[in-house]
Structure formats: structure tokens, C-alpha cells
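Trainee: What follows is a single structure, and I will ask about it in a moment.
The values are calculated or read from the model by the stated rules, or taken from the named source; none is laboratory data. In this text, all values refer to a predicted model and were calculated from it rather than measured experimentally. Positions of Cβ are backbone-derived with ideal geometry, glycine not excepted, and every protein chain shown enters the neighbour counts.
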């Protein structure tokens, strides 16, 4: 298993109005390219992790019938009593704007050597209905998706919509193709609205980029595996989520150590002419 599952981390911040998750508010998503720097936030001595560094480049584009994600990710973990580990991945996904179709392809490297490739597609039979997920790699596998399962884009639009409505808690099953497993349970705790245009640290300094001058909320997500028996999440993700889908100031909490992702650069991507 990857130390960090970037497709679960950043697909969370992709969203659009979808029939699979009816919304009370229209959400205007902003296609964008973002660069994040990765560092070690904290660690327990039992983890052995003494340092971390890396970067993520995330491109969220729009087509006439769907949303695309292209992401490049690398992270080096340093240990106190053993050699460091370099992990990286290249992720490409597409999700239809009706929330019913999803394609995913991710290649992962460990210390420069191929580690795993996951490729497949999934579909739902209709809004709120079940469906199937078919994996082509690492081996041919078909999974049945239960009614109510969402894909990452539909899940995020639901988070933003519920945040706009003032709700504080939501729990949904989400299939993202990060592993050859069924949908995971993601519980979200949504904080109070933050002042529009504040920095990721929450102070009153105005944001420089128009993409960041938006209403936002602190959100904490807990990711539970499909066969969860311990009652404990695999990991938790905290972030500042803007109403246009941009994410800032992320932290990935693996219990023994925390990886922080700081937004360093961001630019708007063009919309299609349909």
C-alpha cells in the first residue's frame, strides 16, 4: 500500500453539479493547476519518520461532458534507523458531469522502480443506484457498487453544497479506484464559514489570487476501508476547502505521522467551448 494515496487526497477537491447528489446550491467549480509542497508536520517516535519532503502538481480540467484530473506526486520519507524511501505516482482520471461514469489510471514508483499500476472504470446505473467497477490492472477484477455510492467529483460537490447549507457532518461511501477494493466510507466534519479571501492560516491578510478570494470552510475527512473492522480510519485529511473546489493548507494524518501540503502556486485553466 502506498504511504500516501494522492488520488484519494486530491480527487476530494474535484466537484460539479450532479444528478447523483442533488444540491440546493449551484456550485461554480474553477478548473485550475496547483503546486503543493510536502513537508513533515509531526511524527511520533514509534513511527521512525524524522523527515519528509516532496511536491504535488495537480491539474483539474473541464471538458464538455466531464472533469479531468492529472496529478504528479513525489515524496521522500526519511527514517531514523533505516534508508529513506522515495514514492511517486502519476494519476489521470475522468468523471462524467452526471456523476455516473468514472475512469482512473495511476502508476506508482517506489525508489524509482515500478511498484503498482491501477487502471479501470466504473459506472452507476442511475442517480442513487448501484453499479459496477471493472479493474484492468493490476489484474482483471469486477466489483459490485452498492446503491448510494458516489465517485470523487460527486462527493466533493456534495461537501461544498452541504457546507453552503450550514451542515456540519456528512458520511458517504465513495469509490475512487485508489486500491482494488470496494467503496470506502468517508466521514466529513465541516467547520464554520471562514472570512472570504483570508489566507490558509485564517488571518485577515487578503489572498493575492482571485481563485483564492472565495468563501471557505475547514473540513476534516476520515477515510475508512471497505472492510473496516477496527472502527479506526486508515487516515484523516484536514484542509481549507473553497467553494470553487480549490483546496489549501492540507494535512494528511496517518496517526503516527502527519504530512502537510502547502499551496505554493495556482493558476486558472481554460474552460471548453461547447
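Trainee: Residue by residue through the stretch 236-274, note down the ones that are under 17 Å from the mean Cα position of the chain (by Cα) and on the phi > 0 side of the Ramachandran plot.
Mentor: 245, 249
Trainee: Failed condition for residue 95, given (1) touching a residue at least 60 places away in the same chain (Cβ under 8 Å); (2) within 28 Å of residue 53 (Cα to Cα); (3) assigned to a strand (DSSP E or B), with all others met?
Mentor: Every listed condition holds for residue 95 apart from (2).
Trainee: Follow-up. Could you list, in sequence order, the residues of the stretch 220-251 that are more than 22 Å from residue 40 (Cα to Cα) and assigned to a strand (DSSP E or B)?
Mentor: Matches in the stretch 220-251: 224, 242.
Trainee: I'm trying to understand the selection: among the residues of the stretch 254-274, which are more than 24 Å from residue 55 (Cα to Cα) and touching a strand residue (DSSP E or B) at 6+ places or on another chain (Cβ under 8 Å)?
Mentor: Pass one, the stretch 254-274, residues more than 24 Å from residue 55 (Cα to Cα): 271-274.
Correct list: 271, 272.
Trainee: Going by the conditions given, is residue 251 free of Cβ contacts under 8 Å to residues at least 60 places away in the same chain and either in contact with a strand residue (DSSP E or B) (Cβ under 9 Å, 6 or more places away or on another chain) or surrounded by fewer than 18 Cβ atoms within 10 Å (Cβ to Cβ) (or both)?
Mentor: Working: free of Cβ contacts under 8 Å to residues at least 60 places away in the same chain: no; either in contact with a strand residue (DSSP E or B) (Cβ under 9 Å, 6 or more places away or on another chain) or surrounded by fewer than 18 Cβ atoms within 10 Å (Cβ to Cβ) (or both): yes.
It is false that residue 251 is free of Cβ contacts under 8 Å to residues at least 60 places away in the same chain and either in contact with a strand residue (DSSP E or B) (Cβ under 9 Å, 6 or more places away or on another chain) or surrounded by fewer than 18 Cβ atoms within 10 Å (Cβ to Cβ) (or both).
Trainee: Inside the stretch 85-95, can you point out the residues that are surrounded by fewer than 18 Cβ atoms within 10 Å (Cβ to Cβ) and over 16 Å from the mean Cα position of the chain (by Cα)?
Mentor: 85, 86, listed by residue number.
Trainee: Taking the stretch 49-66, which residues are within 12 Å of residue 269 (Cα to Cα) and part of a strand (DSSP E or B)?
Mentor: Correct list: 58, 59, 60, 61, 62.
Each row is one residue, and each column tells you yes or no for (1) surrounded by 15 or more Cβ atoms within 10 Å (Cβ to Cβ); (2) touching a strand residue (DSSP E or B) at 6+ places or on another chain (Cβ under 9 Å); (3) modelled with pLDDT of 95 or more.
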{"residue": "37", "(1), (2), (3)": "no, yes, yes"}
{"residue": "58", "(1), (2), (3)": "yes, yes, no"}
{"residue": "69", "(1), (2), (3)": "yes, yes, no"}
{"residue": "73", "(1), (2), (3)": "yes, yes, no"}
{"residue": "78", "(1), (2), (3)": "yes, yes, no"}
{"residue": "83", "(1), (2), (3)": "no, no, no"}
{"residue": "97", "(1), (2), (3)": "yes, yes, no"}
{"residue": "101", "(1), (2), (3)": "yes, yes, yes"}
{"residue": "104", "(1), (2), (3)": "yes, yes, yes"}
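Trainee: Taking the stretch 209-219, which residues are modelled with pLDDT of 90 or more and in a loop (DSSP other than H, G, I, E, B)?
Mentor: Those that are modelled with pLDDT of 90 or more and in a loop (DSSP other than H, G, I, E, B): 213, 214, 215.
Trainee: Would the stretch 26-35 turn up any residue that is farther than 23 Å from residue 246 by Cβ and modelled with pLDDT of 90 or more? Spell out the reasoning first.
Mentor: Going through the stretch 26-35, the residues farther than 23 Å from residue 246 by Cβ turn out to be none.
Scanning the stretch 26-35 turns up no residue that is farther than 23 Å from residue 246 by Cβ and modelled with pLDDT of 90 or more.
Trainee: Sort out which residues of the stretch 143-178 are part of a loop (DSSP other than H, G, I, E, B), more than 11 Å from residue 122 (Cβ to Cβ) and touching a strand residue (DSSP E or B) at 6+ places or on another chain (Cβ under 7 Å), and write them in order of number.
Mentor: Applying the first criterion (part of a loop (DSSP other than H, G, I, E, B)) to the stretch 143-178 yields 146-149, 151, 165-168, 175-178.
Right, trim to more than 11 Å from residue 122 (Cβ to Cβ) and you get 146-148, 165-168, 178.
The answer is 146, 148, 167, 168.
Trainee: Have a look at 37, 46, 42 and point out the one that is out of contact with any helix residue (DSSP H, G or I) (no Cβ under 9 Å at 6 or more places or on another chain), outside any strand (DSSP E or B) and in contact (Cβ under 8 Å) with a residue 24 or more places away in the chain. Can you show your working first?
Mentor: On the way: 37 fails: outside any strand (DSSP E or B); 42 fails: outside any strand (DSSP E or B).
Answer to the check: 46.
Trainee: Another question, if that's okay. Would you check if residue 119 is without any contact (Cβ under 8 Å) to a residue 60 or more places away in the chain, surrounded by 15 or more Cβ atoms within 10 Å (Cβ to Cβ) and in contact with a helix residue (DSSP H, G or I) (Cβ under 9 Å, 6 or more places away or on another chain)?
Mentor: Details: without any contact (Cβ under 8 Å) to a residue 60 or more places away in the chain: yes; surrounded by 15 or more Cβ atoms within 10 Å (Cβ to Cβ): yes; in contact with a helix residue (DSSP H, G or I) (Cβ under 9 Å, 6 or more places away or on another chain): no.
Criteria not met by residue 119.
Trainee: On the basis of being closer than 24 Å to residue 117 by Cα and in contact (Cβ under 8 Å) with a residue 24 or more places away in the chain, does residue 77 make the cut?
Mentor: yes
Trainee: What about residue 10, is it at pLDDT 85 or above and either touching a strand residue (DSSP E or B) at 6+ places or on another chain (Cβ under 8 Å) or assigned to a strand (DSSP E or B) (or both)?
Mentor: No: the conditions fail for residue 10.
Trainee: Another question about this same structure. Does residue 28 meet the test of being touching a residue at least 40 places away in the same chain (Cβ under 8 Å), out of contact with any strand residue (DSSP E or B) (no Cβ under 9 Å at 6 or more places or on another chain) and farther than 24 Å from residue 177 by Cα?
Mentor: Working: touching a residue at least 40 places away in the same chain (Cβ under 8 Å): yes; out of contact with any strand residue (DSSP E or B) (no Cβ under 9 Å at 6 or more places or on another chain): yes; farther than 24 Å from residue 177 by Cα: yes.
When the stated conditions are applied, residue 28 passes them.
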